[in-house]
Amino acid sequence: MIYLYSVLTVAAFFLSVKLSKKLAISLLNPFLLTLSLLLAILVIFQIPYKDYQQGTSPLSHFLSLAIVALAIPLYEQFPQIRQRWKAISFILLLGTLVSMCSGMLLALLLGGSQDIVAALMPKSVTMPLALVITDEIGGESALSAVGVMVAGLLGAVLGVPVLKLARITNPQAIGMSLGIASHALGTARCMEINAKSASYSSLALVICGLLSSFIAPPIFHFAVKWLM
């Protein structure tokens, strides 16, 4: 009976997709609509989050399949990626550093403690990797999860409009930008644009996650020693 929450989540998502297409407003992203709808249901009917999380565990198992699916557009664009690997590598490294340092500096400017700084550093990394990085550097996992979710939602909702305002229309640039800043949700948004954007976003999602795993600990220890 508890697994009906999975059915509820899927139904809320499909309803949000239809509503988003009907309204044709970029800010009303299906992910944001789904989150708002599910949050309202949980609050109104006083459903414990632990029950909801347990009931949606079957959906969590599909995440591994979704990650494998990201390899398809990446494979299709692999010849172009191989030709530009030097430029792409530099952009991904720079993007990883900017993403981590922006979260860290924001926490420092707002007077955040050491564990808050550690939690916000991996905000632009996909959730499983972000939680591992946070635990390694001594951050608060719950806060890190919120940071990752906010970064993903902001990128998925505002990323494309902001890039359009900046007159950035190149699909590779859009894909890498959203993949670097907004991980899986940004990649999902790119899949709605075209396969080329999705492939470059997939690449950014994976590589930036791996780079963050290696770079985050030394940067955090440097910040603790010299900035706090």
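The values are calculated or read from the model by the stated rules, or taken from the named source; none is laboratory data. In this text, all values refer to a predicted model and were calculated from it rather than measured experimentally. FYI the Cβ positions are ideal-geometry reconstructions off the backbone, even for glycines, and counts take in every protein chain you see. All accessible areas refer to the heavy atoms of the entire protein, side chains included, with ligands and DNA or RNA removed. Shrake-Rupley method; radii C 1.70, N 1.55, O 1.52, S 1.80 Å.
Only DSSP H runs of four or more residues enter the estimate; each adds -39500 (n - 2.57), and after division by the residues of the chain the mean residue ellipticity at 222 nm equals -27000 deg cm²/dmol. If a spin label sat at a point 7 angstrom from the Cα of SER113 along the line to its beta carbon, the backbone N atoms of the range 134-165 nearer than 19 Å would be those of 134-147. Here the Gaussian network model covers the chain, with springs between Cα atoms less than 10 Å apart; of SER212, SER57, SER201, SER57 fluctuates the most.
Were the residues from GLN54 through CYS101 laid out at 0.36 nm apart, the gain over their Cα-Cα distance would be 13.5 nm.
Comparing THR126, THR187, THR56 in a Gaussian network model of the chain (Cα springs below 10 Å), the most mobile by mean-square fluctuation is THR56.
Within the chain, helices built from complete DSSP H runs that reach 24 Å or longer along their own axis (Cα positions) and carry a mean Kyte-Doolittle hydropathy of -0.5 or higher are 4-23, 85-109, 141-165, 195-226.
The residues of the chain have, on average, 57 Å² of accessible surface per residue, using a 1.4 Å probe with all protein chains present. Between LEU153, LEU23, LEU93, the Gaussian network model of the chain with springs among Cα atoms under 10 angstrom shows the greatest mean-square fluctuation at LEU23.
Taking a threshold of 24 Å on the Cα-Cα distance, which of the pairs LYS164/LYS196; LYS86/LYS196; LYS21/LYS50; LYS21/LYS164 fall above it? Table pairs above 24 Å Cα-Cα are LYS21/LYS50. The listed peptides 46-53, 113-120, ordered by packing as a protection proxy, come out as 113-120, 46-53 (highest mean of other Cβ atoms within 10 Å first). Overall, the ratio between the Cα radius of gyration of the chain and 2.2 N^0.38 Å, rounded to two decimals, is 1.05.
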